[in-house]
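In what follows, a structure is listed as structure tokens, so that the remarks can point back to it.
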Amino acid sequence: MNQLEEKIEKYKAAMELIKYYNDNLRRSVSDFILAHTILFAFILTKVFDREARPSFSFLIVSIFGFFLCIVWYGSATRFRAHRDLRFAQARAAEPEGWGLITGIGKDFSDGKEVSLGEKKYKMDWLSREIDRRDVKLLTWGFAFIYLLIIWKNIHAIF
């Protein structure tokens, strides 16, 4: 096996690992959203009902949901860190001139305008920011709602 073939094999292996960690990240987000949906269905139907009284059980479930957000954030950032490492490995192994992840691919991901043939492409800043912060937005958005529920029900234990 010559040096180019070895580089291509390393590149393929890194790309497969990127797919693996992307799938795990997607699955993790889906699983946690399902768990939070079930918790919210249980809590929100009663917590914001004007006739319902604050309850210790709602407080405990909300605290559990809040800590579940922390676990979710940790899990998602772990998968993201692995994926970023695999992208770096793929960039290092990508044969020169390909430009799929390096060169044009990297420039496009960084928000620079790139040209392919006569057409120009550019990813806007909002797309880049959401991609970098999507898990933060989701997890801390859910956590904020849990904190509101905890605040509304905190006097149930006193």
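Structure data summary
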{"item": "Segment 97-141, residues that are part of a helix (DSSP H, G or I) and basic (Lys, Arg)", "result": "Lys106, Arg128, Arg132, Arg133, Lys136"}
{"item": "Those residues of segment 101-129 which are in contact with a Phe, Trp or Tyr (Cβ under 9 Å, 6 or more places away or on another chain) and free of Cβ contacts under 8 Å to residues at least 12 places away in the same chain, in sequence order", "result": "Gly105, Glu113, Val114, Ser115"}
{"item": "Of all residues in segment 89-115 being of a type outside the set (Lys, Arg), exposed (fewer than 14 other Cβ atoms within 10 Å of the Cβ) and within 15 Å of Trp125 (Cα to Cα), the one that is modelled with the highest pLDDT", "result": "Glu113"}
{"item": "Segment 116-142, subset hydrophobic (A, V, I, L, M, F, W, C) and more than 21 Å from Asp84 (Cβ to Cβ), residue modelled with the lowest pLDDT", "result": "Leu116"}
{"item": "Within segment 14-37, considering residues that are aliphatic (A, V, I, L, M) and surrounded by 11 or more Cβ atoms within 10 Å (Cβ to Cβ), the one nearest to Gln89 (Cα to Cα)", "result": "Ala14"}
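The values are calculated or read from the model by the stated rules, or taken from the named source; none is laboratory data. Being a predicted model, the structure only gives us computed values, none of them experimental. No Cβ is skipped: glycine too gets one built from the backbone with ideal geometry, and neighbour counts run over all protein chains shown.
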